1. Pop out the ³J(HN,Hα) list for region 306-312 in order, Karplus 6.51 cos²θ - 1.76 cosθ + 1.60 with θ = phi - 60°, rounded to Hz; leave Gly and Pro as x.
2. Among Val246, Val139, which comes first, then next, by fewest other beta-carbon atoms within 10 Å?
3. If packing is taken as the average number of other Cβ atoms within 10 Å across a peptide's residues, how do 283-291, 147-155, 249-257, 53-61 rank, most packed first?
4. How do Asp262, Asp104 rank when sorted from fewest to most other Cβ atoms within 10 Å of their own Cβ?
5. Taking 7 Å along the Cα-to-C-beta vector as the label spot, tell me the Thr57-Leu291 distance in nanometres, rounded to one decimal.
6. Please list 3J(HN,Hα) in residue order for region 237-245, calculated via the Karplus relation 6.51 cos²θ - 1.76 cosθ + 1.60 where θ = phi - 60°; whole Hz, with x for glycine and proline.
Amino acid sequence: MPNAIPMLEGTAASGGFLVPDNFNGLVFERGLNRQSAVLGMPGLRVRRVGGKREKFTEYVGRPTVATVAEAGPKLATGAEYAEVTLDIVKAATIVMYTQELIEDAQDDPTVLINQDVRAAFADYIDSNALGRNAAGTIVSSFNSELSETSQTVELANTGGDRVAVAVSAAMALVEGNGYTPTGIILAHDARQHFRDARMTTETTQQVYSASEGQFVQPTPTLYNLPVGYTTNLQTIAGAAAAGRVVGIVGDFSQALLAIRNDIRIKFSDQATVDVSAVLHHLWQQNKVASLWETRLGFVAHDLNRAFAAIINAV
């Protein structure tokens with residue numbers, strides 16, 4: 001009978017079977033990307049990290065080129081690098097069931113809720129990366145809040161193409177700093193704005209197709225850039241007020257999401273769970289709790305130049 005000493009992961013018979021291959025974060029890559037406006041932006045870098053704090057080097061300089069006369073001295077120029085710090089934070093939630101519900105339900109409730117929990121994590125990532133929720137500003141747990149960029153464009157209060165015009169102006173700010181916009185994030189009701197637009201005022205797309213004799217959905221892109229929609233920005237239709245951010249345009253290759261641990265799920269029927277000062281004794285009360293948690297972080301390099309916010313302040 002085998003008796004491997006020491007037990008190690010490098011050899012299957014010595015314990016390696018216990019260490020599964022890395023599946024490259026299928027929960028993040030497939031589950032969350034479909035629901036998160038931020039994770040769906042092209043160019044966003046997603047990296048696996050091994051510590052609680054990561055430092056990255058970003059290139060921020062640009063050499064200077066000039067005409068040189070024959071036999072003249074060449075201009076010597078340099079470049080510049082910056083160090084960006086990203087802190088890893090933990091995000092978690094607990095869902096509780098009774099054992100009778102799990103035993104008697106026609107469909108397994110622990111499976112049915114999975115997609116909704118992933119949606120909650122996607123909402124958490126969007127809210128903290130944007131620094132906003134539906135009510136307004138939040139204190140983000142991440143190192144960067146995209147809505148806090150110093151570059152802003154005011155949304156006009158009239159005109160069917162006002163959103164498209166503001167997006168174009170925000171793109172121009174990013175482009176003027178030498179960056180290339182890769183994506184647009186808008187408040188969720190921007191979809192209604194595009195659907196309700198009319199050709200008499202809308203100059204960016206035709207909502208009603210005369211040839212098809214029906215209304216058609218707006219294109220998922222604007223100026224060839226993908227558009228993500230989120231409930232974590234203030235609505236387009238809301239009344240103008242200070243601090244209202246309704247959209248973000250940026251070069252998302254300058255943003256980084258670092259994953260320390262993918263979303264993990266643990267079940268227990270032995271613990272005591274405190275819910276708003278009410279104690280749930282799982283074993284004594286025949287309850288089961290599922291704990292979902294992940295460790296991750298987010299940072300944006302050159303926030304005030306690579307990103308621009310669309311605001312509705314006046």
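1. Running phi through 6.51 cos²θ - 1.76 cosθ + 1.60 with θ = phi - 60° gives 8, 9, 9, 9, 9, 10, 10 Hz.
2. On the way: Val246 26, Val139 7.
Least to most surrounded, the residues fall as Val139, Val246.
3. Details: 283-291: 15.6, 147-155: 18.9, 249-257: 25.3, 53-61: 12.4.
Taking the mean over residues of other Cβ atoms within 10 Å, the ranking is 249-257, 147-155, 283-291, 53-61.
4. Numbers: Asp262 18, Asp104 8.
In increasing order of surrounding Cβ atoms, one gets Asp104, Asp262.
5. Taking the two extended label points, one gets 3.9 nm.
6. Ordered by residue, 3J(HN,Hα) equals 7, x, 5, 4, 6, 4, x, 7, 10 Hz.
Values in this text are rule-based calculations from the coordinates and carry no lab data. The structure presented is a predicted model; accordingly, all values stated were derived computationally and were not measured. Reconstructed Cβ throughout: ideal geometry from the backbone, glycine too, with neighbour counts over all protein chains shown.
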